Amino acid sequence: MQLSQQVEVKNLRDYCVALHAQGAILLAMWGSDERSEQHAFILHLIFLLPHAQEQTAIEQYTQIKLATDAPAFSDISDLFPVANRLQRALYDLLGFVAVGAKDTRPWLRHQAWSSDQFPLRTDFSVCPPTQDLYPFVTVQGEGVHEVSVGPVHAGIIEPGYFRFSVMGEEMLRLEERLGYTHKGIAKRLQNTAIHDAAKIVARVSGDATVAYSLAFAEAIEQALDFKVSEATQWLRAILLERERIANHLGDLGALGNDGGLAFGLAQFSRLKELWLRTHQALFGHRYLMDLIVTGGIEIELDVAKQQILLAEIKLLRQEVLSLENIYQQHSGLQGRFVTTGIVKHKRAETLGLLGLAARASGIAVDCRQLLKQLPYQEVDFKLVKQTAGDVAARVKVRFQEIYASLDLLEKFLTNPLSLAATKNEVQRCSVKPASCSWSYAIIESWRGPIAVAVKLNAAGQVSHAHVHDCSWQNWLALSYAIVDNIVADFPLINKSFNLSYSGADV
Amino acid sequence: MFKIIRKVIKVGVVSENYQADSTQLDAKKYQEKILKKFQRSLAVRYVDAGSCNGCELEANALSNPFYNLSQYGIEWVASPRHADVLLVSGPVTKNMAEALKRTYDAMPNPKWVVALGDCACTNPHYGTNYAILGRVEDVLPVDMRITGCPPSPQKILAVILNLTLN
């Protein structure tokens, strides 16, 4: 991570314009009430600059002090579209005003608190619910009707609300309303012991629990000025790649099913089940939850486990190759996938998309490579990319990432370092914070980069924390991907992104 | 086409029979019970009231070829109007409370509510705050609880199947 820069609020707009000109991507934006410690509200921004020449300039973390009587800053959503919702959430939670923003509707505040109350402020107290209605954008025109879906969805998935403007079967416009699983995690994490905070961060988005636990552990380790051994880093990466593969297997099955090929769901869900059972047998949890902890890792590898894992990799590679062959040759399925839900490269760039969905639209950014993370730097890392930006491209990226991750796993597992990691390392890690300033870590979860930022207090507790899921950025893409498609293709397009609701609602 | 058939034959049927330790019933017997008691099938409507998605992953796993939920005559339904059981995961967020209640109200009697996962049963991590109402039983009458984080498909199956026996 980078040390923070301070920018004055009056220079924020110019600073962002300059970054935008360099092709910066806004990764995260959040606020904190630090009136007691720093006599200010703080606005935090993390940018990624994939085209930066200097390695040190690739990540930029900026803090902006805002006035305590009227915290305000200039709107940046025209430069960075994801800022629209992030700014609205900032107003809901902290009352920060984005001056000049055209869209000031609430985002996370449905009816649980009123518009003049701000839960993340230290002087907030719980208040009665409101009856405020959400002003959806309406599309006018003869023959246009609205279809709404949610928040309870037909399948077993997370809740979210979609309002379509439809002409016949064709979708003209999609408006998303999220925030249904907002649990107030940032508030919950305030003044919490590291051990408890770790459990909560691990459950921000259950299917990316390894990525979140890893980002949290790394952020805390930075704050404690503690370096885990290289062996632990290798073992942590093994778990991260195993999580990536599990999710891709599940998605490929679901996508086959949504495209009408139930056979695909049966076969991929079988493969995923076998993968998860290995997690249970070797590591004690099907989803590897709570295994990565501050200071180390709760599992060890021995030669027997290594051999089991290597054999499984060989088998899985063969199985996925044969299924990919079947998918590619199935004209009915390809008919559903190809040219459906297109997000063009230019659109992806403008929206600032990240991760898997971005790579399917030609954006060659993967934080494992971009941020030169260990142990990926030590092996030949292959970045997977497609250009078509349709459902077929997002399917192809998943297949290729499975093969790439299987290759990475083989390299990690056969390196003697991964057998050297021990559980005992955690005991070396003390909870005396080296400094009480913010630290953060970015991890490329299976969807894309997630960031966890923390600040410790003198007692060694988490005083503030923020988590950001790249789903915030990628949810924007869905509204564009559905244009020129029919309503019946919506589940397929949505599933091809498979974004986190809980990770974005937080 | 032939590749698909070859794969299906090669992989074979991998469905596992659930064996309850105490009752010694197998899948066929459960299915008979469900057919008799619930007029041919048990229809389950799932609602995520604020979970992290972990419980959803395990509920979806119940439909994989190993657990093969439909072999017991149990199926997921899209509409609460078709449902016998409401399976709820997650701590109930204030933003989801109304949708959850409306789903419950839309279910015809007789109906049962099952709380799925630690958050839904005991809400051990979040407490009540400005965003969270609490456990499922703070909002709806709960008939059974399935603890775990997330509970394994075997555990979910065990509780649902036992629900059908009693």
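The values are calculated or read from the model by the stated rules, or taken from the named source; none is laboratory data. Just so it is clear, the model here is predicted, and its values are computed rather than measured. Here the Cβ positions follow ideal geometry from the backbone for every residue, glycine too, while neighbour counts run over all protein chains shown. Accessible surface is based on the protein model in full, side chains and every heavy atom, while ligands, DNA and RNA are left aside. Shrake-Rupley method; radii C 1.70, N 1.55, O 1.52, S 1.80 Å.
Values for this structure:
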| quantity | calculated |
| --- | --- |
| Residues satisfying the stated conditions in the stretch B:63-93, i.e. outside any loop (DSSP other than H, G, I, E, B) and either crowded, with 24+ Cβ neighbours inside 10 Å or within 11 Å of the chain's Cα centre (by Cα) (or both) | B:Leu69, B:Tyr72, B:Ile74, B:Glu75, B:Trp76, B:Val85, B:Leu86, B:Leu87, B:Val88, B:Ser89, B:Val92, B:Thr93 |
| Unique match (being aromatic (Phe, Trp, Tyr), in contact with a strand residue (DSSP E or B) (Cβ under 6 Å, 6 or more places away or on another chain) and under 30 Å from A:Leu120 (Cβ atoms)) among B:Tyr126, B:Tyr130 | B:Tyr126 |
| Strands (runs of 3 or more DSSP E) contained in the stretch A:15-76 and holding at least 2 residues of a type in the set (A, V, I, L, M) | A:25-34, A:40-48, A:59-66 |
| Hits in the stretch A:256-272 (condition: within 16 Å of A:Ile245 (Cα to Cα) and surrounded by fewer than 21 Cβ atoms within 10 Å (Cβ to Cβ)) | A:Arg270 |
| Flag for A:Gln318 being more than 20 Å from B:Pro150 (Cα to Cα), modelled with pLDDT of 95 or more and surrounded by fewer than 18 Cβ atoms within 10 Å (Cβ to Cβ) | yes |
| Set A:Glu218, A:Glu175: member being open to solvent by 20 Å² or more (accessible area, probe 1.4 Å) and more than 14 Å from chain B (Cβ to nearest Cβ) | A:Glu218 |
| Any chance A:Lys346 is charged (D, E, K, R) and either over 25 Å from the mean Cα position of the chain (by Cα) or within 14 Å of chain B (Cβ to nearest Cβ) (or both) | no |
| Residue count for the stretch B:53-62, restricted to those that are free of Cβ contacts under 8 Å to residues at least 40 places away in the same chain and either outside any helix (DSSP H, G or I) or surrounded by 24 or more Cβ atoms within 10 Å (Cβ to Cβ) (or both) | 2 |
| Some residue of the stretch A:228-239 being at the interface with chain B (Cβ under 10 Å from one of its Cβ atoms), open to solvent by 20 Å² or more (accessible area, probe 1.4 Å) and of a type outside the set (Ser, Thr, Tyr) | no |
| Where A:Ala40 falls short, out of the listed (1) over 27 Å from A:Asp132 (Cα atoms); (2) in contact with a strand residue (DSSP E or B) (Cβ under 9 Å, 6 or more places away or on another chain); (3) surrounded by fewer than 23 Cβ atoms within 10 Å (Cβ to Cβ); (4) in contact (Cβ under 8 Å) with a residue 40 or more places away in the chain | (4) |
| Long-range neighbours under 6 Å by Cβ, at least six apart or interchain, first residue free of Cβ contacts under 8 Å to residues at least 40 places away in the same chain within the stretch A:392-420, second hydrophobic (A, V, I, L, M, F, W, C) and surrounded by 17 or more Cβ atoms within 10 Å (Cβ to Cβ) | A:Ala393/A:Ala360; A:Gln400/A:Val384; A:Ala404/A:Val384 |
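Every residue, every condition in (1) under 19 Å from A:Pro449 (Cα atoms); (2) modelled with pLDDT under 95, yes or no:
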site	(1), (2)
A:Met1	yes, yes
A:Val7	no, yes
A:Leu27	yes, no
A:Ser32	no, no
A:Phe47	yes, no
